[in-house]
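Please find one structure pasted underneath; my questions will follow.
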Amino acid sequence: MTIATFLISLLGAMALGAPIAFALLICGVAIMIQINNFDTQILAQNLLEGANNYPLMAVPFFMLAGELMNAGGLSRRIVDAADSMVGHVRGGLGYVAIIAALVMASISGSAVADTAAVAALLIPMMRNAGYQVPRAAGLIASAGIIAPVVPPSIAFVVFGVASQISITKLFLAGIVPGLLMALTLAFTWWLVAKKEPAAVGRKFEIKKLITALYKGVWALVLPIVIIGGMKFGVFTPTEAAVVAVMYSLTVGLFIYRELDIKQVPALMLHALKTSCTIMFLVACAMVSAWLITIADIPAQTVELLKPFMDSPTLLMFVIMVLVIVVGTALDLMPTVLILSPILVPVIKQAGIDPVYFGVMFIMNNAIGLLTPPVGTVLNVVASVSKASLDSVIKGVWPFLLAQTILLFLFVLFPQLVMVPARWFY
């Protein structure tokens with residue numbers, strides 16, 4: 001009965017057009033009434049406690065780092081460096097998009113922001129070179145979803161806070177899966193590029209490579225600083241976010257000199273608006289999460305999934321299919337905040353490593369950013385490329401299929417995630 005109350009109140013509020021954050025509050029009130037424990041003080045207290053969380057400070061700083069990186073010329077130099085390395089091979093601009101997305105993902109951790117930046121820089125180049133724009137847009141969208149999986153992922157920060165799991169361990173465990181996502185895309189693009197008439201190579205220029213690497217070294221060093229600092233315990237994820245901001249600000253102002261100090265307040269305001277949306281969503285989700293625990297919904301979910309509990313692989317398979325279905329209707333953050341309090345106790349009882357589950361859960365939700373009808377990243381790329389959403393959906397299918405196959409390979413072989421993760425720990 002409690003699970004029914006949870007689902008009916010949540011889905012009902014969303015169906016009536018309530019924003020996700022308010023739908024979560026309504027869901028919390030419904031559960032309180034159902035268990036005969038309605039108290040406005042509890043609502044207010046959990047709402048405040050949900051936002052009053054030190055690790056969440058990483059979110060606005062990583063958002064600001066992304067803004068400074070784009071305005072300060074770091075993004076463009078990353079693309080130039082990638083172009084000088086692989087732009088000469090057949091389908092070179094596709095590989096440039098993958099490399100640029102991977103490097104930028106390891107700086108800001110926002111799929112939407114990184115995808116918009118890469119698309120704005122590369123779509124015009126690929127269009128002018130004669131590539132099919134829908135296919136190019138599909139590739140860039142698929143590369144953009146690497147951002148939630150590799151550190152410093154904002155999605156990992158939110159998941160870690162919601163589930164009480166080490167954010168540093170999540171960050172380090174996401175490195176190899178993120179690299180494998182990039183390699184999977186590169187292989188898929190290699191197959192697709194064979195049919196691209198414009199995907200011809202050009203002459204390799206060593207001078208161009210040296211010049212691009214020299215100019216882009218300050219941008220390319222930042223991911224090493226962030227990941228290396230966390231690996232060796234120099235700073236926490238939240239401190240890493242502050243380092244990323246100060247680094248991007250310094251490089252943009254004094255080294256590349258493309259960032260005007262007068263731009264900084266506007267960039268801060270834009271990052272603040274985005275961060276406030278996420279923070280309020282997390283705060284509202286904490287109300288629901290507390291009540292989900294009080295109402296014992298995780299235990300009821302365990303009972304429903306009991307037939308699968310003896311086989312961790314089968315249980316993971318069922319959960320991943322469930323998340324794929326939910327991901328077609330909900331964006332990444334709401335899905336993480338709604339399902340984490342319910343699923344994490346289940347996988348812990350089944351003996352599944354919560355860090356492994358976190359990587360799989362976030363990767364699955366990242367893939368959901370490509371699935372229609374919601375597909376946030378799809379909409380961003382369609383908007384930037386000025387292509388119809390239908391054509392971008394057709395262009396993204398080969399890459400979406402490849403990423404989904406990789407996801408289920410991780411389900412079958414958890415060692416692909418956890419063996420390198422333990423080395424990074």
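Cβ contacts < 9 Å: first residue in contact (Cβ under 8 Å) with a residue 24 or more places away in the chain, restricted to segment 247-272; second residue loosely packed, with under 15 Cβ neighbours inside 10 Å and in a helix (DSSP H, G or I), any location; separation 6+ or different chain. Result?
TYR247/VAL221; LEU253/ILE261
Given the condition among the aromatic types (Phe, Trp, Tyr), surrounded by fewer than 23 Cβ atoms within 10 Å (Cβ to Cβ) and within 22 Å of LEU291 (Cα to Cα), answer yes or no: does some residue in segment 6-16 qualify?
no
Looking at this structure, is PHE204 of a type outside the set (Val, Ile, Thr), surrounded by fewer than 19 Cβ atoms within 10 Å (Cβ to Cβ) and within 27 Å of PHE61 (Cα to Cα)?
no
Quick one: in segment 244-267, which of the residues that are of a type in the set (Val, Ile, Thr) and either buried (at least 20 other Cβ atoms within 10 Å of the Cβ) or touching a helix residue (DSSP H, G or I) at 6+ places or on another chain (Cβ under 7 Å) (or both) is nearest to VAL221 (Cα to Cα)?
Among them, the one singled out is VAL251.
Is it the case that some residue within segment 51-60 is modelled with pLDDT of 85 or more, surrounded by 22 or more Cβ atoms within 10 Å (Cβ to Cβ) and in a helix (DSSP H, G or I)?
The answer is no, given that none of the residues of segment 51-60 is modelled with pLDDT of 85 or more, surrounded by 22 or more Cβ atoms within 10 Å (Cβ to Cβ) and in a helix (DSSP H, G or I).
Identify, please: which residue in segment 377-409 is β-branched (Val, Ile, Thr) and buried (at least 19 other Cβ atoms within 10 Å of the Cβ) and is, among those, nearest to the chain's Cα centre (by Cα)?
Within segment 377-409, the match that is nearest to the chain's Cα centre (by Cα) is VAL377.
Only one residue in ALA193, ALA162 is surrounded by 17 or more Cβ atoms within 10 Å (Cβ to Cβ) and more than 30 Å from LEU56 (Cβ to Cβ). Which one?
Sole residue among the options that is surrounded by 17 or more Cβ atoms within 10 Å (Cβ to Cβ) and more than 30 Å from LEU56 (Cβ to Cβ): ALA193.
The values are calculated or read from the model by the stated rules, or taken from the named source; none is laboratory data. A quick note: this is a predicted structure, and the numbers were derived from the prediction, not measured. Counting neighbours? That spans all protein chains shown, and the Cβs are built from the backbone with ideal geometry, glycine included.
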